[in-house]
Amino acid sequence: MSLLRSEPFAAVETMDELLAIAFQMEQEAISNYSDLADRMRREGRPDMVPVFEQLAGEEAQHLDNVVQWSERTSGSKPDLAKLKWEPADTFDDEGANAIAPELLSAYRAFSMAVRNEERAFLFWTYVAAQTDQERLRIAAEQMAREELGHLSTLRRERRRAFHAQRAEAQQAAKFELPELELKFHDLLQALAARQRGSGAQKLEIAAQNARERSATGSVLPFGPSPLLKDGVAPSVIGRVVPLCELILDCYLDFGERLPMEEERTRAQSFAGQVVECRSLIGAVLR
């Protein structure tokens with residue numbers, strides 16, 4: 001995911017336009033990281049709030065550099081009205097705003113940020129290559145160098161988060177997918193007991209489906225899931241939404257990479273059931 005979705009389709013023609021593009025890109029990153037910090041605060045993940053706040057702060061420093069550059073060049077802040085085309089989308093939260101917060105980690109957040117910086121670096125190298133104006137080429141190359149500096153910082157933070165995550169993983173419990181399905185069954189049963197009417201009945205059926213998937217997986221295992229090799233945190237095991245999403249990720253992974261078509265089809269079928277279950281849980285908890 002480190003490559004741009006598409007190359008910039010038009011050359012930058014003025015310094016004002018180049019700085020306006022940089023300003024917009026940094027603003028987008030700040031907004032997205034700040035939104036993620038707010039979501040972690042709302043969803044009870046205070047440990048992740050400073051991670052996303054740090055990422056937003058890094059981008060804010062970058063934004064200040066762009067503003068200062070613009071003020072030195074033109075005497076004013078970047079003007080988004082100078083944009084003649086929409087820059088390539090270089091920011092991707094990789095689903096962080098949609099998945100259960102329990103499944104996020106500092107390592108995953110910094111990995112996402114690293115890939116975003118790689119995309120920004122590639123964007124500016126393309127801009128430099130497309131212009132025939134020496135001044136703009138030098139400016140775009142400077143932007144690319146700044147992204148590389150930022151990238152180095154984030155990669156260092158990612159390594160630190162990786163080692164911290166490995167230390168935590170030693171404390172996490174190890175489970176196979178059929179075992180997780182049984183725990184998921186129990187959580188669905190408990191949730192059904194707190195409901196009435198059709199919602200309770202649908203949850204009972206979903207719980208039975210989880211038990212049947214567990215039984216099938218015990219007899220015809222898909223094999224070890226790489227998503228479970230580091231164990232599963234108690235915050236995931238004990239909550240119905242993150243456990244549902246972890247199980248779904250496992251089946252989706254199996255459905256993409258298993259060598260036998262029959263196994264892939266079975267994994268995809270199970271994934272379909274879990275998607276429907278996730279929708280049901282969301283409706284019940286809304």
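Here, each number is a calculation from the coordinates, and none is a lab measurement. Source: prediction; values computed, not measured. Please note: Cβ atoms are built from the backbone with ideal geometry, for glycine as well, and neighbour counts cover all protein chains shown.
Taking label positions 7 Å along the Cα-Cβ direction at both R160 and A190, the computed distance is 3.6 nm, reported to one decimal.
Give the angle, between 0 and 90 degrees and rounded to the nearest 10, that separates the Cα long axis of helix 134-169 from the longest principal axis of the Cα atoms of the chain. Orientation of helix 134-169: about 30 degrees from the principal axis. Ranked for footprinting exposure by Cβ neighbours inside 10 Å, fewest first, S111, S218 give S218, S111. Highest GNM mean-square fluctuation, the chain, Cα pairs closer than 10 Å: which of E13, E53, E181? With Cα springs under 10 Å in the chain, the top fluctuation among E13, E53, E181 is at E13. Farthest toward the positive end of the dipole of the chain, out of A37, F184, V49, is the Cα of F184, where the dipole comes from beta carbon charges about the Cα centre.
Taking K and R as +1 and D and E as -1, what net charge do the other residues with C-beta under 10 Å from the C-beta of G255 add up to? Taking every other residue near G255 into account, the sum is 0. How large is ³J(HN,Hα), in whole Hz, for each residue of the range 222-230 in order, when computed from phi with the Karplus curve 6.51 cos²θ - 1.76 cosθ + 1.60 and θ = phi - 60°, using x for Gly and Pro? Rounded to whole hertz, the list is 7, x, x, 8, x, 6, 10, 5, 9.
Number of Lys-Lys pairs in the chain under 24 Å by Cα, sequence gap 8 or more or different chains? Total qualifying Lys-Lys pairs in the chain comes to 4. With Cα atoms as the point set, the range 215-258 shows a radius of gyration and Dmax of 11.1, 29 Å. Against the chain, whose longest principal axis is taken from its Cα atoms, helix 49-74 shows a tilt of about 20°.
Taking N as the number of residues in the chain, what is its alpha-carbon radius of gyration divided by 2.2 N^0.38 Å?
Taking N as the residue count of the chain, the ratio is 1.23.
Calculated mean residue ellipticity, 222 nm, the chain: -24500 deg cm²/dmol, from DSSP H runs (n ≥ 4) at -39500 (n - 2.57) each, averaged per residue and rounded to 500.
For the range 177-285, the gyration tensor built on C-alpha atoms gives a prolate shape. Its axis ratio a/c (a ≥ b ≥ c) is at least 1.5, and a/b is the larger of a/b and b/c. Mean-square fluctuations from a GNM of the chain, with a 10 angstrom spring cutoff on Cα atoms, peak among A128, A167, A113 at A167.
Who wins for biggest fluctuation among N116, N65, N32 in a Gaussian network model of the chain, springs between alpha carbons below 10 Å? Fluctuation is largest for N65. Relative to the longest principal axis of the Cα atoms of the chain, helix 240-257 runs at roughly 80 degrees.
Over 16 Å, how big is the tail of the calculated P(r) for the range 121-177, in percent of all Cα pairs? Result for the distance tail: 61 percent.
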